[in-house]
């Protein structure tokens, strides 16, 4: 029997150019500026690894992923495994996160989709987290 999996989607407009939004989401330096205390290191090419580490919600973590699409400045997709869900690091427990950026009047539309989430509670947490990240990017790039 296959366990039910969930999907998180967040969308919004950032009042900045696609290039600036790309830098915030798809580079370690940009992401680290949005979330102080989190380090992002990566090999920013398809097949390259990305590691997020630091402290989140009072807990030390080290999360990992692999870049699966890198079409600057339009799309950045990667696999993602997080230690927060207390699940073994297996293919079944790895999510895919898709970030799509589109120039629109007034800035850049950001569409984030995270798939293969193990529970409704984790999905809700991811939706809140991505919404918080999007809000931080809006504030930083305003």
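What follows draws every value from the coordinates through simple rules; no lab data is involved. Every value quoted in this text rests on a predicted model; they were computed, and no experiment measured them. Neighbour counts run over all protein chains shown; Cβ positions are idealised from the backbone, glycine included.
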Q | Selection status of residue 62, in contact with a helix residue (DSSP H, G or I) (Cβ under 9 Å, 6 or more places away or on another chain), touching a residue at least 40 places away in the same chain (Cβ under 8 Å) and surrounded by fewer than 17 Cβ atoms within 10 Å (Cβ to Cβ) | A | no
ask   = Do we have residue 115 as more than 19 Å from residue 134 (Cβ to Cβ) and either in contact (Cβ under 8 Å) with a residue 40 or more places away in the chain or crowded, with 17+ Cβ neighbours inside 10 Å (or both) here?
value = no
Residue 88 vs. criteria without any contact (Cβ under 8 Å) to a residue 60 or more places away in the chain and exposed (fewer than 13 other Cβ atoms within 10 Å of the Cβ): yes
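Have a look at 97, 133 and point out the one that is surrounded by 18 or more Cβ atoms within 10 Å (Cβ to Cβ) and in contact with a strand residue (DSSP E or B) (Cβ under 7 Å, 6 or more places away or on another chain).
Numbers: 133 fails: in contact with a strand residue (DSSP E or B) (Cβ under 7 Å, 6 or more places away or on another chain).
Selected residue: 97, the only one of 97, 133 that is surrounded by 18 or more Cβ atoms within 10 Å (Cβ to Cβ) and in contact with a strand residue (DSSP E or B) (Cβ under 7 Å, 6 or more places away or on another chain).
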